[in-house]
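In what follows, a structure is listed as structure tokens, so that the remarks can point back to it.
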Amino acid sequence: MSCSIFMLFLALFISSLQQSVSISAGSQRAILRAISNNQDGEKPDFGVELNATNFDTVLKDTPAPYAIVEFFAHWCPACRNYKPHYEKVARLFNGADASHPGIILMTRVDCALTINSNLCDKFSVKHYPMLLWGPPKKFVGSGWDPKQENSEIRSIENGRTADILLGWINKQLGSSYGFDDGKYENEHLQKNFSDPAQIATAIYDVEEATSTAFGIILDHKMIRSGTRASLIKFLQLLVAHHPSKRCRKGSADILVDFDNLCPSEILSVKNEEADSCSKKGALGNYQICGKEVPRGYWMYCRGSKNDTRGFSCGLWVLLHSLSIRVEDGESNMAFRTTCDFIHNFFICEECRQHFYDMCSSVSNPFKKARDYALWLWRAHNKVNERLKKDEASLGTGDPEFPKVIWPSKQLCPSCYLNPGEKSKENSKIEWNEDEVFKFLVSYYGKELVNLYKDKELQAVGGTEKIVNEELVASTNAVVVPLGAALAIAVASCAFGALACFWRSQQKNRKPRRSWN
């Protein structure tokens, strides 16, 4: 008898442990992407199931400004009957095919699982189902008491049907979401181009663009004997100057192990490409910006149509953010590295060739970071001018985000010598390039990393200090294994030489994974 009881408890423990591991192993964004990829033919769940092991992690890192947490018990008949209503609403906000992604993260916690007992107690769960609403970060490391005043976490007292719940949400947000909304349709797009704070949301898009670019390289086996050095140099640039800390860390992880993962000898022997350097090989196990990226949707770079903006926009933001972070002595190295990377790894043939032609037109090396940043800005405007004509004739542009000369007068009036007028000589805009450079540094520097910081610290006036520290960290001192920052992140004229020296040292030293 005692043996049977022991076996029963053992089975329940293993089942609970397996469920915990399976949920925590997949990040929030991996879960969101998997929603639309159900392989068993079953109806997918759009509400993201959390437990005590991943609750804080998922809610802390979501870019969505709001979250709903449903506390339920799987044995509760009312909960089972309510699930289709909750799922109907969650479908609008969660998943790669959501109508309005990135606005509300809809989650659920099963309080009937022992692992979640303390978590449910912290949030004063007294009945099932119970819905709580609030900023995601407010759920992290805390709890909720219905008697607590001025709490940003609120109970949704009446959400017993899908219609009532969606109506409650619309009332809070001043929105008009409906169940018939198609993917990305009827969305409140960012149309206020005069608001410089919009770029803050692009930090997530830069991470996704970086991850997407790395995935394309692996998927198409683009690492060959002739392109290998170009990728290494670009990784060095990312380690030193990527605006996202986790992308700097992920790039450093790859760079430290690159010689072992993708040795040049294999590429030379196997017809200039090898499975070891593709997604099927060991290199495919590395996530350049962490395991939680990509997300499956865009924020700052999201178009009003499914096939506009997105990756190309995110890549441009990445390049601009790199250009304003390099030092004078490494400006030409950064220029050549960027040109070679686009030429070797950007999969759009026509775009790649146009960019290469612009790179080839530069005859003198850049000596100042300012000159490189302004060249990239002019190149971007040339691309916009060319694409604007093509899109106008073919009707392929995004009606909400037409190609324009940038920055606009509303966004940077001081960038124009004669705002609202054109030069009489050549019918072109006369720019104040000193003001343009100041704008680029602010827009792709302080504004870009603003949202990436802890909103709690920003609220108490710590924004300026945090952002300045972030810019300093990304420009001068990147913490990477075995002192790699000494070689990569030192902003000096010897950028290339130091990077080569650093990599040569790594071949003879065992990497140490120590990140604080």
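The values are calculated or read from the model by the stated rules, or taken from the named source; none is laboratory data. Here the structure is a predicted model, which is why all the values come from computation and not from measurement. Note that we place each Cβ from the backbone using ideal geometry, even for glycine, and neighbour counts take in every protein chain shown. Accessible surface is based on the protein model in full, side chains and every heavy atom, while ligands, DNA and RNA are left aside. Shrake-Rupley method; radii C 1.70, N 1.55, O 1.52, S 1.80 Å.
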query = When residues of the range 442-457 are filtered for being buried (at least 18 other Cβ atoms within 10 Å of the Cβ) and either at pLDDT below 55 or not in a helix (DSSP H, G or I) (or both), how many remain?
reply = 3
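This table checks each residue for (1) crowded, with 18+ Cβ neighbours inside 10 Å; (2) in a helix (DSSP H, G or I); (3) not small (Gly, Ala, Ser).
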residue	(1), (2), (3)
ARG325	yes, no, yes
PHE335	yes, yes, yes
ASP340	yes, yes, yes
HIS343	no, yes, yes
ILE347	no, no, yes
ARG352	no, yes, yes
TYR356	no, yes, yes
CYS359	no, yes, yes
VAL362	no, no, yes
note = Of the residues in the range 120-165, those that are assigned to a loop (DSSP other than H, G, I, E, B) and out of contact with any Asp or Glu (no Cβ under 7 Å at 6 or more places or on another chain) number 23
query = Restricting attention to the range 59-83, which residues are free of Cβ contacts under 8 Å to residues at least 60 places away in the same chain and either surrounded by fewer than 22 Cβ atoms within 10 Å (Cβ to Cβ) or not aromatic (Phe, Trp, Tyr) (or both)?
reply = ALA73, HIS74, TRP75, CYS76, PRO77, ALA78, CYS79, ARG80, ASN81, LYS83
task = Give the residue that is modelled with the lowest pLDDT, with candidates limited to residues of the range 184-237 that are more than 17 Å from GLY303 (Cα to Cα) and of a type in the set (D, E, K, R).
result = ASP195
request  = Take SER117 and decide whether it is in the same structural domain as ALA162 (by the TED database), more than 31 Å from the chain's Cα centre (by Cα) and open to solvent by less than 30 Å² (accessible area, probe 1.4 Å).
outcome  = no
task = Return the only residue of CYS262, CYS247 being at pLDDT below 90, open to solvent by less than 10 Å² (accessible area, probe 1.4 Å) and either assigned by the TED database to the domain that holds PHE311 or not basic (Lys, Arg) (or both).
result = CYS262
request  = Give the residues of the range 143-172 that are exposed (fewer than 14 other Cβ atoms within 10 Å of the Cβ) and modelled with pLDDT under 90, sorted by residue number.
outcome  = ASP145, PRO146, LYS147, GLN148, GLU149, ASN150, GLU157, ASN158
Residue tally, condition at pLDDT 50 or above and outside any loop (DSSP other than H, G, I, E, B), over the range 25-70 = 15
query = Do we find that SER278 is over 15 Å from the mean Cα position of the chain (by Cα), of a type in the set (Gly, Ala, Ser), at pLDDT below 90 and under 19 Å from ILE217 (Cβ atoms) in this structure?
reply = yes
note = Within the range 371-400, restricting to residues that are under 15 Å from SER331 (Cβ atoms) and among the small types (Gly, Ala, Ser), the one that is surrounded by the most Cβ atoms within 10 Å (Cβ to Cβ) is ALA373
query = When the range 87-119 is examined, which residues are found to be more than 16 Å from LEU59 (Cα to Cα) and part of a loop (DSSP other than H, G, I, E, B)?
reply = ALA96, ASP97, ALA98, SER99, HIS100, CYS111, ALA112, LEU113
